[in-house]
Amino acid sequence: MTQATEQYPLDTSEQRLTIREPHPRHDTQGDMTADERLRKAMANFAKDINRTTATYMEACVHCGQCAEACHYYVRTEDPRYTPIWKLEIFKQAYKRENSPFGLFYRALGLKRKVSVEQLGEWQELLYDSCTMCGRCSLMCPMGIDIATLIGQARHGMFEAGLIPDELHAVAQRAREEGSPLGATASVFEDRAEWMADEHDTEVYIDEDEADILVTMSSIEIMKYPNAIGATAKILNALGEKWTFRTEGYEATNFGMMAGNVEWQKHATMKLIDSAIKCGAKLVLLPECGHAYGALRWQGAAMYGKPLPFKVQHVSEFLADVISSGRLKVKKVDQTVTFHDPCQVSRRGGATPAPRVVMEALGLDLKEMVPTGDFNWCCGGGGGVVTIHRADRLRYKVFELKMEQVEATGADTVLSTCSNCRQSYNDAKEHFHWDKTMESLLELVADNLAEEN
Amino acid sequence: MDLLEFARGPALQVASLIFAAGLVWRLIHIFLIPKKTDISEARFGGEKMGGLRTIFSRFVHHQPFRRRTRNGTLLAYTTHIGLAIIVFGSAPHILFIESFSGLSWTPLPNVVIHVAGALTLAALLTSLGRRLSHPVLKMLSNFDDYFTWLVTTLPVVTGLLAVAHVGARYEMLLAIHILSFNVFLIWFPFGKLMHSFIAIGSRYTTGVTFTRRGARV
């Protein structure tokens with residue numbers, strides 16, 4: 001249970017720009033003694049140790065090169081933002097408690113026991129200043145997947161009640177209401193009906209049988225609802241048998257980002273159960289980065305066996321139907337640049353898909369430098385955008401994106417992640433920037449050819 | 001038994017034993033930890049090949065990372081290649097390797113070994129200076145980093161002194177050189193020198209995971 005104090009009240013509904021002076025602090029949840037927090041953090045961390053984790057923990061040579069891949073370090077030059085340093089206390093715990101020479105470390109006092117004060121101090125490093133974008137994992141000379149380790153470290157932090165309050169509150173709301181932003185099933189149905197009228201198309205909800213189960217992100221439902229209409233228009237143009245299901249329509253997974261495996265599983269199982277119930281052959285994931293990772297790559301582990309259906313990000317689906325000639329689109333005379341959502345491209349392997357779609361639309365694509373798998377993160381992933389005290393740092397690293405976009409000379413930024421879109425558009429307001437991020441999905445829906 | 005006989009005899013035997021036992025223990029300990037199997041549907045096949053490819057591809061940074069990592073990479077390459085030239089190219093070392101393995105090959109000219117030795121030492125000293133002054137490296141560094149540097153540098157320094165016959169009698173310098181190598185062997189399995197084995201595993205694992213997803217390795 002999140003416990004906000006009067007000194008630092010929770011604020012999850014105000015516009016992001018109202019937060020002028022974020023308070024330096026680390027948050028705690030639940031009534032636990034320091035020893036209990038420590039024990040829970042370490043026990044959960046130990047539970048996650050497998051051969052891969054151990055290999056990663058043993059492989060680091062402290063070369064520090066991962067710092068050069070991290071937007072937080074590159075922009076601030078604060079050494080604490082070195083990706084592998086964000087895991088330092090967990091490395092220390094591993095070496096002392098679980099490593100091959102742990103006995104010697106303990107007996108000779110070579111590795112100190114991690115303290116709860118250290119865990120508190122590390123909260124900022126594990127949450128505020130890491131989007132788990134995986135740029136460090138792509139550059140580590142030892143091949144350590146640092147982003148995955150950060151995710152595992154968050155499990156221990158969550159169980160110890162040591163995560164940022166806002167992220168906890170958002171994840172808790174998602175667990176209790178089915179959406180982190182209040183997009184409950186009835187709200188969703190209302191908005192879906194509205195979008196059906198708005199786009200003059202059919203929206204199918206709770207069909208008993210369907211080939212495709214379509215899902216949305218809460219950010220889309222509440223902030224960018226045109227995504228609902230756009231998806232419906234495209235699927236209807238293709239003649240697909242599809243449906244939303246009110247027991248599993250929301251694809252974001254804040255349990256995963258907060259570090260609560262039970263909440264992660266709960267959110268994932270809602271989608272899996274819904275898909276099985278309507279006999280879907282495909283679960284279509286929305287323009288959301290982490291939703292893709294949560295179901296496409298971690299879904300089967302949550303289910304305990306291979307998923308009985310295919311999972312595709314909407315950009316992959318669009319690339320497939322356009323490449324096969326099933327969906328025809330009109331040419332669009334526009335100069336654009338593209339922001340790669342980390343979890344879909346670098347971490348997900350779907351980097352070429354949006355480019356296939358953009359080529360079909362005839363867009364004049366001006367790639368960022370670096371682009372594709374090496375593109376810089378928007379700074380809002382991994383739950384960071386929910387953490388108010390991290391705003392100043394988030395804006396600081398967003399300057400990298402602004403420089404990248406400006407250098408392309410493109411008028412419009414396209415992407416396939418509503419969380420990136422939210423981060424961009426929030427930063428746009430903050431900086432009074434003239435660039436807006438648009439959705440590739442919506443652009444396709446707006447430019448369907450007559451012959452479809 | 002004089003110091004040289006001790007260094008070549010029992011000291012080397014004990015060091016080799018600790019090296020082998022420590023190496024096996026550390027690797028077996030990691031290997032015995034249960035593996036988590038990925039049951040997500042692979043985008044493409046070829047995960048094992050992707051893993052093998054990654055073992056080699058991570059020797060060189062992807063192009064967008066090269067400019068910012070240039071200094072560290074240059075120092076790492078100079079040290080590693082320099083050490084390889086010294087260890088596998090110099091005549092006395094080849095004789096030593098032949099003595100326990102039976103394998104032998106043509107040594108490199110002395111001048112190459114001397115230049116490699118000097119460059120390696122220069123790279124090691126620069127690496128230490130960098131570790132002590134670069135904010136990131138300074139913060140990350142612990143006993144392992146500095147002690148590993150010491151046990152790596154000592155054989156290079158004593159080897160160069162022995163070759164140059166500087167500071168003491170040749171037999172004494174050679175004995176100190178071999179003893180410093182023994183210390184290197186003893187420390188090897190306990191510290192980060194083990195990356196020469198463990199990095200193969202971590203690169204392979206990451207390569208398999210990323211290839212499964214169709215992501216860049």
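The values are calculated or read from the model by the stated rules, or taken from the named source; none is laboratory data. From a predicted model like this one, the values you see are computed outputs, not experimental measurements. Neighbour counts run over all protein chains shown; Cβ positions are idealised from the backbone, glycine included. For accessibility, only protein heavy atoms count, side chains too; no ligands or nucleic acids. Shrake-Rupley method; radii C 1.70, N 1.55, O 1.52, S 1.80 Å.
Quick rundown of the values:
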{"read-out": "Residue count for the stretch A:129-163, restricted to those that are within 14 Å of chain B (Cβ to nearest Cβ) and not in a loop (DSSP other than H, G, I, E, B)", "value": "12"}
{"read-out": "Hits in the stretch B:179-217 - residues which are outside any helix (DSSP H, G or I) and either of a type in the set (Val, Ile, Thr) or more than 14 Å from the chain's Cα centre (by Cα) (or both)", "value": "B:Gly214, B:Ala215, B:Arg216, B:Val217"}
{"read-out": "Any hit, the stretch A:325-339, residues being free of Cβ contacts under 8 Å to residues at least 60 places away in the same chain, among the hydrophobic types (A, V, I, L, M, F, W, C) and surrounded by 21 or more Cβ atoms within 10 Å (Cβ to Cβ)", "value": "no"}
{"read-out": "Lone unmet requirement of (1) modelled with pLDDT under 95; (2) under 12 Å from A:Ala153 (Cα atoms) for A:Leu110", "value": "(2)"}
{"read-out": "Of residues in the stretch B:130-150 being in contact with a Gly (Cβ under 8 Å, 6 or more places away or on another chain) and either open to solvent by less than 20 Å² (accessible area, probe 1.4 Å) or of a type in the set (A, V, I, L, M) (or both), the one farthest from the other protein chains (Cβ to nearest Cβ)", "value": "B:Thr148"}
{"read-out": "Filtered residues of the stretch A:23-45 (kept if under 20 Å from A:Leu125 (Cβ atoms), open to solvent by 40 Å² or more (accessible area, probe 1.4 Å) and of a type in the set (Gly, Ala, Ser))", "value": "A:Ala34"}
{"read-out": "Some residue of the stretch B:179-201 being aliphatic (A, V, I, L, M), away from every other protein chain (no Cβ under 14 Å) and over 27 Å from A:Gly143 (Cβ atoms)", "value": "yes"}
{"read-out": "Residues that are touching a residue at least 40 places away in the same chain (Cβ under 8 Å), open to solvent by 20 Å² or more (accessible area, probe 1.4 Å) and not hydrophobic (A, V, I, L, M, F, W, C), drawn from the stretch A:387-406", "value": "A:Arg389, A:Arg392, A:Lys396, A:Glu399"}
{"read-out": "Where a residue in the stretch B:32-43 is over 18 Å from A:Ser99 (Cα atoms) and its partner, wherever it lies, is open to solvent by 60 Å² or more (accessible area, probe 1.4 Å) and modelled with pLDDT of 95 or more, with Cβ under 6 Å and at least six apart", "value": "B:Ile39/A:Pro306"}
{"read-out": "Single residue of A:Leu87, A:Leu110 found to be open to solvent by 30 Å² or more (accessible area, probe 1.4 Å), within 26 Å of B:Pro189 (Cα to Cα), in contact with a helix residue (DSSP H, G or I) (Cβ under 8 Å, 6 or more places away or on another chain) and of a type in the set (A, V, I, L, M)", "value": "A:Leu110"}
{"read-out": "Test for A:Phe254: is it within 24 Å of A:Gly156 (Cβ to Cβ) and either among the basic types (Lys, Arg) or open to solvent by 10 Å² or more (accessible area, probe 1.4 Å) (or both)", "value": "yes"}
{"read-out": "Failed item, numbered, when A:Ser217 is tested on (1) touching a residue at least 60 places away in the same chain (Cβ under 8 Å); (2) among the hydroxyl-bearing types (Ser, Thr, Tyr); (3) open to solvent by 10 Å² or more (accessible area, probe 1.4 Å)", "value": "(3)"}
{"read-out": "Yes/no for B:Gly82 being more than 22 Å from the chain's Cα centre (by Cα) and either modelled with pLDDT under 95 or not aliphatic (A, V, I, L, M) (or both)", "value": "no"}
{"read-out": "Some residue of the stretch A:232-243 being within 30 Å of A:Cys133 (Cβ to Cβ) and among the aromatic types (Phe, Trp, Tyr)", "value": "no"}
{"read-out": "Helices (runs of 4 or more DSSP H) lying entirely in the stretch B:22-132 (those with 2 or more residues that are more than 29 Å from A:Ile49 (Cβ to Cβ))", "value": "B:63-89, B:91-101"}
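Listed here are the residues, each with its yes/no results for (1) open to solvent by less than 30 Å² (accessible area, probe 1.4 Å); (2) farther than 30 Å from A:Met57 by Cβ; (3) modelled with pLDDT of 95 or more.
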{"position": "B:Thr153", "(1), (2), (3)": "yes, no, yes"}
{"position": "B:Val157", "(1), (2), (3)": "no, yes, yes"}
{"position": "B:Ala164", "(1), (2), (3)": "no, yes, no"}
{"position": "B:Phe188", "(1), (2), (3)": "yes, no, yes"}
{"position": "B:Thr206", "(1), (2), (3)": "yes, no, yes"}
